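Novice: Let me begin by handing over the structure; questions about it come next.
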Amino acid sequence: MNSIRRISRRQFLTRTGQATGGMVLAVTLAPVFTPGNALAGPPAKSVLAPNVFVNVREDGIVEIYCYRSEMGQGIRTGLPQVIADELEADWDRISVIQAQGDEKYGDQNTDGSTSIRKHFDVLRTAGASAREMLVAAAAQLWNVPVGECEARNHAVRHRASGKRAGYGELVPHTAGIAVPEAPTFKARKDYRYIGKPMDLLDAKAMTTGTAMYGIDTVLLDMLYASIERCPAQGGLVRSFDASAARKIPGVVAVYELPKPSTPPLFNVLGGVAVLATNTWSAQQGRAALKIEWDHGVNGAYDSENYRKELVASTRNPGTLMLNRGDISKATQGAASSHSADYYAPHLSQAPMEPPAAVASVADGSCEVWACTQNPQETRDTVATTIGMDKDRVAVNVTLLGGGFGRKSKPDFAAEAAWLSKQSGRPVKVTWTREDDLRHGYFHSVSAQHVEANLDEAGMPTSWLHRTAFPSISSTFDSSNKGPSAGELTLGLLDIPYAIPNLRIEAGDAVAHVRIGWLRSVCNVYHAFALSSFADELAQKSGTDPVAYLAKLIGPRRMLDPGQDGAEYDNYGQSIETHPIDTGRIVAVLEQVAKNAGWGRKLPRGRGLGIAVHRSFLSTVGTVAEVGKDANGKLRVLELWTVIDAGTVVNPDRVTAQMEGAGIFGMSLALYGEITARDGAIVQGNFDTYPVVRMNEAPANINVQIMSVDAPPGGVGEPGVPPVAPAIANAWFAATGERLRELPFRKAGIV
């Protein structure tokens, strides 16, 4: 392994050797952090090993392997909370170790708000198994029935005699004890850490500048790379002249990268790389390159022309995705009807830390350090790129300075590995902000057309919803021509409204850029249309929006889109375990309205808007209060958010995620737009792709977490979808002006 040297702003924490003993459940890795002085003391000599997540050492230290990526959401705290709670471990005697990419951990992709909701029982099992083995060891040691012993606070006690043994001293006695296949979980009332607010274990390192991010990685003898890529997706290098670049002091080499693949997958994008002894020289050398491009089939892509095509496609019948009842019959005898069109542009994830990776290829192996959300995919992609068996590739996961889906695509790590193999030295690839905005995996552009027939009370008797957008599937299948059933699962096929006649159709749309997932994915534009249209119907009927929405959702029931013939996977989890419970949706709606003081008298020129949306197995309701500033522009004055995420592990983290989602959602609603002209992305930095600034943030983002005894839902993504429609509906309440296109600045009000 290459040594890591001190750098000016941050440095790697000292890479301590793995103790020789413990409950070894993963590969040997350097601890990224430890609470207190937990690692002090001599190395352990024996181990207890029930699974790949926990290592109980003979010195009493419990090592917990975090197999997910930390990008500010607090998973390196939340994951240990679950394991340590079931293990009955002392929080001050745990050490969290960041796991490398390895299939033995199962799914490591930190995406889709899956870290807790899909692995809650897996994590509980990991801790409970170790606990029961330690209890069994104590019973065997004292020659007493297991039922007379209990684990509590890092020790096992015999209730009758009062005998007590710490976890460390029991480790040697666990040899030969079988790992429980189905350990008993603790009762909810006995949780010590789950459901409790706990500080981030990384907080001190993050706030003192000692935390290690991908962009901070430095190896000895490392070269820095800056890469010029074709402005149009899939374009090729016709020719290039690097003579001026090679004259820049510090420039070491210039390489043409492999041509981009079709489909793009997560492979390198091609282009020309300049390698130098420092970042500045690499960037100056890149600027001096003279390249002639073949822009290829996407060289004429114009997002404004494409917008017109996309909107037009939703005016015609599309592929049937769900059908309930008979819309044609419902049209006959309808008291009235209403229709609207909605549009949302491409978006960029734009994490604060752009993609960055270091790779060292030497002696037939490759080691990577990357701010990756998906270390296993990084390992696979790197191995394929450099023609190496993946067993010879090691991927070390650093902290991520934001991700939002961008960093689960490891093209940047593949670039670093390929360049290291060519140069024979470690190479660091850091994308600039311009690279990130112009060459990323963009959130899909979308057009939607909605029609409803209404009865005398203004309630819909039928609902036709057409949606068209280039699919994420196009990144993996070049023949793809439109939305997949899985993408319609994200906020549309699971529409919770009690409408007897419902028809959902998907329109064709060809991708001209790399399409990827962004925080809450298709829920962004589906929620915008659904919640906006519901508000329009409420206003048309002269009904209060909250009362109308509650009536539209209807009586409590459990929905299953599959019963209407739709392909619906419920975010990869059982519909029985995680039902679409309309009662819980209405409860969130009513609670957030109450918190915002819905119905109170507002000053002239102000308005309240509401939206509620279920995504990633959680339901979030948002109320926005908006008004006009001195220049007549839209100002978001306050936000209220309520989330039902079932069982919550760390309330502080959930609150922070909802606050962050409020700002993220505001940025998308007010400003977010990626456009293309002549195949090239127009935006390049935060001057042309702005986000909400501190002086634009609302005075308060009020968050309430519903107390619900149900399996955990997602948290990172569900807070985003209701924000834009809540703001749009509030603007209508304040001004009478409807906003049906994102971002709102296109209407001249921001």
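Novice: For segment 156-182, what are the residues that are under 37 Å from the mean Cα position of the chain (by Cα) and closer than 20 Å to Glu63 by Cα?
Specialist: Tyr167, Val179, Pro180
Novice: Quick check, is Glu70 acidic (Asp, Glu), modelled with pLDDT of 50 or more, closer than 20 Å to Val649 by Cβ and in a strand (DSSP E or B)?
Specialist: no
Novice: So in segment 171-184, with the set limited to residues that are surrounded by 14 or more Cβ atoms within 10 Å (Cβ to Cβ) and out of contact with any Ser or Thr (no Cβ under 8 Å at 6 or more places or on another chain), which one is farthest from Gly127 (Cα to Cα)?
Specialist: Filtering segment 171-184 for residues that are surrounded by 14 or more Cβ atoms within 10 Å (Cβ to Cβ) and out of contact with any Ser or Thr (no Cβ under 8 Å at 6 or more places or on another chain), the one farthest from Gly127 (Cα to Cα) comes out as His173.
Novice: With the requirement that a residue be farther than 17 Å from Ala697 by Cα and surrounded by fewer than 17 Cβ atoms within 10 Å (Cβ to Cβ), what does segment 603-630 give you?
Specialist: Across segment 603-630, the qualifying residues are Pro603, Arg604, Gly605.
Novice: Let me ask another. Kindly evaluate Leu490 against the criterion of being surrounded by fewer than 24 Cβ atoms within 10 Å (Cβ to Cβ), under 17 Å from Ser618 (Cβ atoms) and touching a residue at least 60 places away in the same chain (Cβ under 8 Å). Walk me through it before giving the result.
Specialist: Details: surrounded by fewer than 24 Cβ atoms within 10 Å (Cβ to Cβ): no; under 17 Å from Ser618 (Cβ atoms): yes; touching a residue at least 60 places away in the same chain (Cβ under 8 Å): yes.
In short, no.
Novice: For segment 722-750, give me each residue that is more than 13 Å from Glu536 (Cβ to Cβ) and in a loop (DSSP other than H, G, I, E, B).
Specialist: Within segment 722-750, Pro722, Leu742, Pro743, Gly748, Ile749, Val750 qualify.
Novice: Another question, if that's okay. Is there any pair linking a residue in segment 188-206 that is closer than 18 Å to Pro712 by Cα to one that is surrounded by fewer than 14 Cβ atoms within 10 Å (Cβ to Cβ) and of a type outside the set (Ser, Thr, Tyr), with Cβ under 7 Å and at least six apart or on different chains, and which?
Specialist: Arg188/Asp709
Novice: Take Tyr525 and tell me if it is under 20 Å from Thr619 (Cβ atoms), touching a Ser or Thr at 6+ places or on another chain (Cβ under 6 Å) and modelled with pLDDT of 95 or more. Spell out the reasoning first.
Specialist: On the way: under 20 Å from Thr619 (Cβ atoms): yes; touching a Ser or Thr at 6+ places or on another chain (Cβ under 6 Å): yes; modelled with pLDDT of 95 or more: yes.
It is true that Tyr525 is under 20 Å from Thr619 (Cβ atoms), touching a Ser or Thr at 6+ places or on another chain (Cβ under 6 Å) and modelled with pLDDT of 95 or more.
Novice: Output yes when any residue across segment 179-201 is of a type in the set (D, E, K, R) and over 30 Å from Val649 (Cβ atoms), and no when none is. Lay out the reasoning, then the answer.
Specialist: Keep residues of segment 179-201 that are of a type in the set (D, E, K, R), which gives 181, 186, 188-190, 192, 196, 199.
Keeping just the survivors that are over 30 Å from Val649 (Cβ atoms) gives none.
No, there is no match, as no residue in segment 179-201 is of a type in the set (D, E, K, R) and over 30 Å from Val649 (Cβ atoms).
Novice: Could you count how many residues in segment 135-152 are in contact with a Cys (Cβ under 8 Å, 6 or more places away or on another chain) and touching a residue at least 24 places away in the same chain (Cβ under 8 Å)? Can you show your working first?
Specialist: Taking segment 135-152 as the starting set, the residues that turn out to be in contact with a Cys (Cβ under 8 Å, 6 or more places away or on another chain) are 135, 138-139, 142.
With the extra rule that they be touching a residue at least 24 places away in the same chain (Cβ under 8 Å), the set shrinks to 138.
Count: 1.
Novice: Regarding Gln376, is this residue among the polar types (S, T, N, Q), part of a loop (DSSP other than H, G, I, E, B) and out of contact with any strand residue (DSSP E or B) (no Cβ under 6 Å at 6 or more places or on another chain)?
Specialist: Numbers: among the polar types (S, T, N, Q): yes; part of a loop (DSSP other than H, G, I, E, B): no; out of contact with any strand residue (DSSP E or B) (no Cβ under 6 Å at 6 or more places or on another chain): yes.
Criteria not met by Gln376.
Novice: Here is a further query. Within segment 561-583, does at least one residue satisfy the condition of being modelled with pLDDT of 95 or more and either outside the structural domain of Pro698 (by TED's automatic domain parsing) or of a type in the set (Lys, Arg) (or both)?
Specialist: Within segment 561-583 (the criterion being modelled with pLDDT of 95 or more and either outside the structural domain of Pro698 (by TED's automatic domain parsing) or of a type in the set (Lys, Arg) (or both)), the answer is no, since none of the residues qualifies.
Novice: Related question: Here are Gly424, Gly387, Gly402: which of them is surrounded by fewer than 24 Cβ atoms within 10 Å (Cβ to Cβ), without any contact (Cβ under 8 Å) to a residue 24 or more places away in the chain and not basic (Lys, Arg)? Write out each step before concluding.
Specialist: On the way: Gly424 fails: without any contact (Cβ under 8 Å) to a residue 24 or more places away in the chain; Gly402 fails: without any contact (Cβ under 8 Å) to a residue 24 or more places away in the chain.
Going through Gly424, Gly387, Gly402 in turn, the sole match is Gly387.
Novice: Tally the residues that are assigned to a strand (DSSP E or B), of a type in the set (Gly, Ala, Ser) and under 30 Å from Ile472 (Cα atoms), restricting the search to segment 251-283.
Specialist: So in segment 251-283, the residues assigned to a strand (DSSP E or B) come out as 251-256, 272-276.
Subset that is of a type in the set (Gly, Ala, Ser): 253, 273, 276.
When the remaining residues are screened for being under 30 Å from Ile472 (Cα atoms), the result is 273.
Matching residues across segment 251-283 total 1.
Novice: Within segment 671-684, is even one residue out of contact with any Pro (no Cβ under 9 Å at 6 or more places or on another chain) and within 26 Å of Pro579 (Cα to Cα)?
Specialist: Checking segment 671-684: not a single residue is out of contact with any Pro (no Cβ under 9 Å at 6 or more places or on another chain) and within 26 Å of Pro579 (Cα to Cα).
Novice: What number of residues within segment 262-296 are within 31 Å of the chain's Cα centre (by Cα) and exposed (fewer than 15 other Cβ atoms within 10 Å of the Cβ)?
Specialist: Residues meeting the conditions: 1.
Novice: Let me ask something additional. Given (1) free of Cβ contacts under 8 Å to residues at least 24 places away in the same chain; (2) crowded, with 22+ Cβ neighbours inside 10 Å; (3) of a type in the set (A, V, I, L, M), identify the lone condition not met by Ala155.
Specialist: (2)
Novice: Taking the stated definitions as given, is Ala334 at negative phi, in contact with a Leu (Cβ under 7 Å, 6 or more places away or on another chain) and of a type outside the set (S, T, N, Q)? Can you show your working first?
Specialist: Details: at negative phi: yes; in contact with a Leu (Cβ under 7 Å, 6 or more places away or on another chain): yes; of a type outside the set (S, T, N, Q): yes.
Yes.
Novice: Mind checking whether some residue in segment 224-241 is among the aromatic types (Phe, Trp, Tyr) and over 29 Å from the mean Cα position of the chain (by Cα)?
Specialist: Within segment 224-241, the first condition is being among the aromatic types (Phe, Trp, Tyr), and the residues that meet it are 224, 240.
Imposing the further condition that a residue be over 29 Å from the mean Cα position of the chain (by Cα) reduces the set to 240.
Taking every residue of segment 224-241 in turn, at least one turns out to be among the aromatic types (Phe, Trp, Tyr) and over 29 Å from the mean Cα position of the chain (by Cα).
Novice: Continuing with this model, one more query. For Ala370, indicate whether it is under 33 Å from the mean Cα position of the chain (by Cα), assigned by TED's automatic domain parsing to the domain that holds Val682, among the small types (Gly, Ala, Ser) and surrounded by 15 or more Cβ atoms within 10 Å (Cβ to Cβ). First the steps, then the outcome.
Specialist: On the way: under 33 Å from the mean Cα position of the chain (by Cα): yes; assigned by TED's automatic domain parsing to the domain that holds Val682: no; among the small types (Gly, Ala, Ser): yes; surrounded by 15 or more Cβ atoms within 10 Å (Cβ to Cβ): yes.
No, not satisfied.
Novice: Return the residues of segment 539-590 that are free of Cβ contacts under 8 Å to residues at least 12 places away in the same chain and either farther than 22 Å from Leu322 by Cα or of a type outside the set (S, T, N, Q) (or both); say none if nothing qualifies. Steps first, answer last, please.
Specialist: We begin by selecting, within segment 539-590, every residue free of Cβ contacts under 8 Å to residues at least 12 places away in the same chain; these are 547, 563, 574, 576.
Once the filter is applied, which keeps residues that are free of Cβ contacts under 8 Å to residues at least 12 places away in the same chain and either farther than 22 Å from Leu322 by Cα or of a type outside the set (S, T, N, Q) (or both), segment 539-590 yields Ala547, Glu576.
Novice: Here is a follow-up. Yes or no: Ala611 touching a Ser or Thr at 6+ places or on another chain (Cβ under 6 Å) and under 24 Å from Gly748 (Cα atoms)? Working first, answer last.
Specialist: Working: touching a Ser or Thr at 6+ places or on another chain (Cβ under 6 Å): yes; under 24 Å from Gly748 (Cα atoms): yes.
The answer is yes for Ala611.
Novice: Return the residue satisfying two criteria in turn: it lies in segment 158-168 and is out of contact with any helix residue (DSSP H, G or I) (no Cβ under 8 Å at 6 or more places or on another chain) and without any contact (Cβ under 8 Å) to a residue 60 or more places away in the chain, and of such residues it is surrounded by the fewest Cβ atoms within 10 Å (Cβ to Cβ). If you could, list the steps in order and put the result at the bottom.
Specialist: Looking only at segment 158-168, we keep the residues that are out of contact with any helix residue (DSSP H, G or I) (no Cβ under 8 Å at 6 or more places or on another chain), and these are 162, 164, 166, 168.
Of the ones still in play, those that are also without any contact (Cβ under 8 Å) to a residue 60 or more places away in the chain are 162, 164.
Details: Gly162: 7, Arg164: 12.
It comes out as Gly162.
Novice: Among the residues of segment 675-723 satisfying the criterion of being touching a helix residue (DSSP H, G or I) at 6+ places or on another chain (Cβ under 7 Å), among the β-branched types (Val, Ile, Thr) and under 18 Å from His346 (Cβ atoms), which is surrounded by the most Cβ atoms within 10 Å (Cβ to Cβ)?
Specialist: Applying the filter and picking the extreme gives Val720.
Novice: May I pose another question? Of the conditions (1) outside any helix (DSSP H, G or I); (2) not assigned by TED's automatic domain parsing to the domain that holds Val513, Ala447 fails just one. Which one is it?
Specialist: (2)
Novice: Please determine, by comparing only the residues of segment 435-463 that are farther than 30 Å from Pro231 by Cα and among the acidic types (Asp, Glu), which one is surrounded by the most Cβ atoms within 10 Å (Cβ to Cβ).
Specialist: Within segment 435-463, the first condition is being farther than 30 Å from Pro231 by Cα, and the residues that meet it are 449-463.
Subsequent filtering for residues that are among the acidic types (Asp, Glu) retains 451, 455-456.
Numbers: Glu451: 18, Asp455: 14, Glu456: 9.
For segment 435-463, the residue satisfying everything is Glu451.
The values are calculated or read from the model by the stated rules, or taken from the named source; none is laboratory data. Owing to the predicted nature of the structure, the values given are computational and were not obtained by experimental measurement. When we count neighbours, we look across all protein chains shown, and the Cβ atoms used for this are built from the backbone with ideal geometry, even at glycine.
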